[in-house]
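Please read the structure below before turning to the comments.
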Amino acid sequence: MKQKELDPLRLKEIVKNFNKAKVAVIGDIILDKYVFSLAQRVSREAPVLILKYEGEEFKLGGAGNTVNNVRALGAEVIPFGFIGDDEEGRGLVRLMETLGIETDNLIRLSYRRTITKTRILAGSHHTVKQQVLRIDVEPEENIKEEDYRRLIDLIKKNMDRFDSIIVSDYGYKTVGDEVREFITGLKEKIICVDSRYDVLKFKRVTACTPNEPETMQALGLKNLDDNSIIDAGKKLLELTGNRAVLITRGKKGMALFTDDGDVEFIDIYGTDQVADVTGAGDTVIAIFTVALTVGADFLEAAKLANYGGGISVTKMGAAVVYPHELVGAIEDEFGR
């Protein structure tokens, strides 16, 4: 299917205006911990590697990575969510503050731990370190109704400070039923949803950005190909009542479906040899939403998001993409 012509100067102008966007991010904020090690030998105690600790690094994950990507694009970002009243939560706040991200609307819960994902990376002195193990700390306690109401009150209090909302739902219940109903009722805002398990529950918003596995899970499909994805995208559009559905397809690029009946396939940008797919979806929805917020149409926003996704997977870990990188991608494709 032939893609509509896009104007590279127009795309650059959209990127130039990113700093005018004001975006709220509501969702599951995660602390990502990376432990770097040197693989030395196999243990005599058990058939496992002995790793020599070399250092560690902390990054914003989940909705936090989306927040960081919006920040890196030059837009104003306001995060909303829950963290634990623990050392991980305090570390997450310090990390955000170091990056210049406000933390006033993060609610500390004494009864629930901060979501933390620890990745152990190992390698030799002369090789790229690879992930050999991941340990997840996932809170099991349900969020109390009064805390959901506190979250809604904070969103209401800051309503005049943002023009669009990104829902970053990793399945840890930050966006409970009452919060979801409140958000989807804000018809004056641009609302884009990235939900791992509940995309069909977000009705009549601006757009959703599921990947292929999430699309298959939502529709009960066993596989997707270039033909069946058209029916799948149209079905998602029908079931949600959204204005657009953007399905990310890994090395196959993206498929965009809009409520005017248009279907656009966008080829992958860059190489299909990726370094790390961690957080690529966060980059995609950040760019897509920021572009829509400053006046891009759905195809323009999807094209810029596709550039960002292609750039993101060349970087290790949950990475951000900057405006100058998007401009470079535009020039790489269009030659100007």
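The values are calculated or read from the model by the stated rules, or taken from the named source; none is laboratory data. All figures in this text were calculated on a predicted structure; none of them were measured in a lab. Backbone-built Cβ (ideal geometry, glycine too); neighbour counts: all protein chains shown. The area values use the complete protein model at the heavy-atom level, side chains included, leaving out ligands, DNA and RNA. Shrake-Rupley method; radii C 1.70, N 1.55, O 1.52, S 1.80 Å.
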For the range 24-43, indicate whether the set of residues that are in contact with a Phe, Trp or Tyr (Cβ under 9 Å, 6 or more places away or on another chain) and under 20 Å from Glu325 (Cβ atoms) is non-empty.
no
Scan the range 76-98 residue by residue and report those that are closer than 26 Å to Glu325 by Cβ, open to solvent by less than 10 Å² (accessible area, probe 1.4 Å) and out of contact with any Gly (no Cβ under 8 Å at 6 or more places or on another chain).
Ile78
If only one of Ile135, Ile166, Ile191 is loosely packed, with under 12 Cβ neighbours inside 10 Å, part of a strand (DSSP E or B), modelled with pLDDT of 95 or more and touching a Ser or Thr at 6+ places or on another chain (Cβ under 6 Å), which one is it?
Ile135
Candidate set from the range 6-61 (those that are acidic (Asp, Glu) and out of contact with any strand residue (DSSP E or B) (no Cβ under 6 Å at 6 or more places or on another chain)); member that is modelled with the highest pLDDT:
Glu13
In the set Glu5, Glu56, which member is within 30 Å of Arg112 (Cα to Cα), surrounded by fewer than 22 Cβ atoms within 10 Å (Cβ to Cβ) and without any contact (Cβ under 8 Å) to a residue 24 or more places away in the chain?
Glu56
Within the range 14-71, considering only strands (runs of 3 or more DSSP E) that don't extend past its boundaries, which have at least 2 residues that are within 22 Å of the chain's Cα centre (by Cα) and among the aliphatic types (A, V, I, L, M)?
22-27, 29-42
Restricted to the range 99-132, and to residues that are small (Gly, Ala, Ser) and not in a strand (DSSP E or B), which residue is most open to solvent (accessible area, probe 1.4 Å)?
Ser110
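Quick grid of which residues meet (1) in contact with a Phe, Trp or Tyr (Cβ under 6 Å, 6 or more places away or on another chain); (2) at pLDDT below 90; (3) crowded, with 24+ Cβ neighbours inside 10 Å; (4) closer than 23 Å to Lys22 by Cβ:
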| residue | (1), (2), (3), (4) |
| --- | --- |
| Asp276 | no, yes, no, no |
| Asp282 | no, no, yes, yes |
| Gly295 | no, no, no, yes |
| Glu300 | no, no, no, yes |
| Lys315 | no, yes, no, no |
| Ala319 | no, yes, no, no |
| Tyr322 | no, no, no, yes |
| Glu325 | no, no, no, yes |
| Gly328 | no, no, no, no |
If I go through the range 26-48 residue by residue, how many of them are open to solvent by 60 Å² or more (accessible area, probe 1.4 Å), among the aliphatic types (A, V, I, L, M) and more than 30 Å from Arg113 (Cα to Cα)?
1
